[in-house]
Amino acid sequence: MPTAIAVTSSDLVLPPQDRQTPPAVVQPQDTLEDSLLGMHALIEQHGYVIALYSPTGQQPAARRLHAVRSVLESDRIALLGVDLPPLGLALLAQQLRQLSACDFSPGVLASSARLLAHYIYSGALLGSVAKLDRVPVSLKTHAKSWVPGAQFGVLAHPKPQLVRIGEGDLTGPEFGTRLLVASGQAPSDWVTATLAPSWQVQGVANVPLPDESPRWWGTGKIVEFAAGLYDVSVLYQLVSSVRRELCHWCGLELIGDRCGFCAAPLPELQPTTVRALPRGGT
């Protein structure tokens, strides 16, 4: 069975890309007891579990996940706090689900989350930035937010950016992506009619707006979007091109500089000491 990929709520489970994409599971559950039973069953069935959560917006879920891992005393649960907007987090979970059906070990799969997140462009079209605290907003922009009909394009990841619609463009990816669009109470075709062509996306898919999105962005007048790699062969090539190491603490494979399961950093290479030859030596 492939490594299980877990998210904190069912609205973060995107439709599968194809029949080979495994489903995601929801953890934690409503009670600690149900969470313990559910997580134990996942470990028994899949061997390893990778659980994604937002470190800034889902503190109760994060605390329960850590409590579950502590009570079970399991080293087969990776808890990954990824600072992405809700739709971006859902996209990352979908990418990990795609890769879980490949031949990657659980350690490589977990540590690949940071790599994959780097290539996700996540933002929103907002009707107000008055309560936006995820991206720097100037006083001038705050003032413009009160003008009737004003709309703002905001990019939260990978590099924060904010523009008023009609006065600038958001910097997009320089590689092929598919764009996910989730509309709230502010229907607008700017994302599909203007942003998508300027980013030269290779497809657009409409998905439901995550429940956490209005709180994350500070308004319900929102069209959230996320662009990322979608072809499993490209995702596979990206992850497999990175050098693999063995975690010195838990022994699992990893890529990058930190283990996804035990969070142990990769030891720094010690500089080689050059010793002088004794006199008369060759």
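The values are calculated or read from the model by the stated rules, or taken from the named source; none is laboratory data. Bear in mind that the values here come from a model prediction, so they are computed numbers and not experimental data. Neighbour counts are summed over all protein chains in view; Cβ atoms, including those assigned to glycine, are modelled from backbone coordinates with ideal geometry. Heads up: the accessible areas ignore ligands, DNA and RNA and are worked out on the full protein's heavy atoms, side chains in. Shrake-Rupley method; radii C 1.70, N 1.55, O 1.52, S 1.80 Å.
For the stretch 151-211, a/c is less than 1.5, where a ≥ b ≥ c are the root eigenvalues of the C-alpha gyration tensor. That puts it in the rounded class.
The Stokes-Einstein estimate for the stretch 191-235, based on a Kirkwood radius over Cα pairs and taken at 20 °C with 1.002 mPa s viscosity, is a diffusion coefficient of 172 µm²/s. Accessible surface for the chain, divided over its residues, is 51 Å² per residue with a 1.4 Å probe. The residue among 205, 195, 24 whose Cα reaches farthest toward the positive pole of the charge dipole of the chain, with charges on the beta-carbon of Lys, Arg, Asp and Glu, is 195.
Charged side chains reduced to their Cβ positions (Lys and Arg at +1, Asp and Glu at -1) give the stretch 174-241 a dipole of some 80 debye around its Cα centre. When +1 charges are put on Lys and Arg Cβ atoms and -1 charges on Asp and Glu Cβ atoms, the dipole computed for the chain relative to its Cα centre reaches about 760 debye. Can you give the net charge of the other residues whose Cβ lies under 12 Å from the Cβ of residue 255, counting K and R as +1 and D and E as -1? Charge balance in the 12 Å sphere: +1. Element breakdown for the stretch 70-229 at a 1.4 angstrom probe: carbon and sulfur atoms account for 49% of the accessible area.
Among the trypsin sites (Lys or Arg not before Pro) in the stretch 92-132, those placed in a DSSP loop whose Cβ has at most 15 other Cβ atoms within 10 Å are 131. Its Cα centre serving as origin, the stretch 193-274 has a Cβ charge dipole (Lys and Arg +1, Asp and Glu -1) of approximately 100 debye. In this view, the solvent-accessible surface of residue 43, computed with a 1.4 Å probe and all protein chains in place, comes to about 30 Å². Taking 253, 167, 224 and ordering them by how much accessible surface each has at a 1.4 Å probe, largest first, produces 167, 253, 224. From the alpha carbon centroid of the stretch 19-67 to that of the stretch 150-166 is 32 Å. Residue 157 contributes an accessible area of around 40 Å² to the protein surface, as traced by a 1.4 Å probe with all chains present. In the assembled protein chains, residue 119 presents an accessible area of approximately 70 Å² (probe radius 1.4 Å).
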